[in-house]
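Here's the structure we're looking at; comments come further down.
The values are calculated or read from the model by the stated rules, or taken from the named source; none is laboratory data. What you are looking at is a predicted structure, and each value in this text was computed from that prediction instead of being measured. Here Cβ is always computed from backbone atoms with ideal geometry, including for glycine, and neighbour counts include all displayed protein chains.
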Ligand code: UDP
């Protein structure tokens, strides 16, 4: 028998890079299809799911600024990139039969809905997957901050950050063989030791509103479901 899930509502943050797979730009069709299938599996286990998707596989404001573009314009492009990723994920999820709404923090009504908190919660209650696009809608923020913000707003039980590493380490596991993975960290550990988990604004928001955060490896199929069944996978950041 399948173990029951322990969470009612989650916010899953996928970086733009997670959609790239082995490519170095854009969206890998097979990867997005696999991610969509995992998300639907979790939803079928009666977990309500909000998604925040990054845009780093297309544009990042900081990258554009370093090659001379105005930073705010670059951030606008980065936010629009997240809308494209959200549309691609919506499509992948719908192809597999899920009901999905993309809600953008920037008005782009011909393409998707606006983010309205009460409506977002209603979508979740009705069994729709809500994809929160365009980050926070403001320059100088990241989609990590958007993920923390939306998680708190929708009252998620858990914020999940999917990365390409299976948690947080005390050194880069690709460079140091004896790097150790933390099973648990406090928000203050992350901030004080400057561990690269999420940006400080995101961690501070999680800390202030006591939002548990788990970092896990997106490339391992099935881990998302196992986490929701209560398995201690990756690194938990808590109070
Ligand atoms: N961005 C922004 N405000 C936000 C969220 C994102 O300006 O609230 C811009 C920023 O330029 C960022 C880009 O959108 O670099 C893509 O988001 P992010 O870098 O967080 O994507 P990820 O690294 O998760 O793929």
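Among residues of region 102-114 being surrounded by 14 or more Cβ atoms within 10 Å (Cβ to Cβ) and without any contact (Cβ under 8 Å) to a residue 24 or more places away in the chain, the one that is farthest from residue 90 (Cα to Cα) is 114.
When region 125-146 is examined, which residues are found to be surrounded by fewer than 21 Cβ atoms within 10 Å (Cβ to Cβ) and more than 16 Å from the ligand (Cβ to nearest atom)?
First, the residues of region 125-146 that are surrounded by fewer than 21 Cβ atoms within 10 Å (Cβ to Cβ): 125-128, 137-141.
Correct list: 125, 126, 127, 128.
Report, by residue number, each residue of region 25-34 that is in a helix (DSSP H, G or I) and either in contact with a strand residue (DSSP E or B) (Cβ under 7 Å, 6 or more places away or on another chain) or surrounded by fewer than 17 Cβ atoms within 10 Å (Cβ to Cβ) (or both). Passing the criteria: 29, 30, 33, 34. Would you confirm whether any residue within region 151-162 is surrounded by fewer than 20 Cβ atoms within 10 Å (Cβ to Cβ) and within 14 Å of the ligand (Cβ to nearest atom)? Yes, the conditions are met somewhere in region 151-162. Answer yes or no: is there a residue in region 165-173 that is under 21 Å from residue 210 (Cα atoms) and crowded, with 19+ Cβ neighbours inside 10 Å. Yes. If I filter region 35-55 down to residues being out of contact with any strand residue (DSSP E or B) (no Cβ under 8 Å at 6 or more places or on another chain) and outside any helix (DSSP H, G or I), which single residue comes out as nearest to the ligand (Cβ to nearest atom)? Selected residue: 55. In region 221-232, the condition of being under 18 Å from residue 146 (Cβ atoms) and touching a strand residue (DSSP E or B) at 6+ places or on another chain (Cβ under 6 Å) is met by no residue. One residue is enough: does region 56-76 have a residue meeting the conditions in contact (Cβ under 8 Å) with a residue 40 or more places away in the chain, more than 30 Å from residue 2 (Cβ to Cβ), surrounded by 16 or more Cβ atoms within 10 Å (Cβ to Cβ) and in contact with a strand residue (DSSP E or B) (Cβ under 8 Å, 6 or more places away or on another chain)? Scanning region 56-76 turns up no residue that is in contact (Cβ under 8 Å) with a residue 40 or more places away in the chain, more than 30 Å from residue 2 (Cβ to Cβ), surrounded by 16 or more Cβ atoms within 10 Å (Cβ to Cβ) and in contact with a strand residue (DSSP E or B) (Cβ under 8 Å, 6 or more places away or on another chain). Per the conditions (1) part of a loop (DSSP other than H, G, I, E, B); (2) touching a residue at least 24 places away in the same chain (Cβ under 8 Å); (3) within 15 Å of the ligand (Cβ to nearest atom), the sole criterion not satisfied by residue 21 is (2). For region 201-218, filtering for residues that are exposed (fewer than 14 other Cβ atoms within 10 Å of the Cβ) and either at pLDDT below 95 or touching a strand residue (DSSP E or B) at 6+ places or on another chain (Cβ under 9 Å) (or both) leaves 1.
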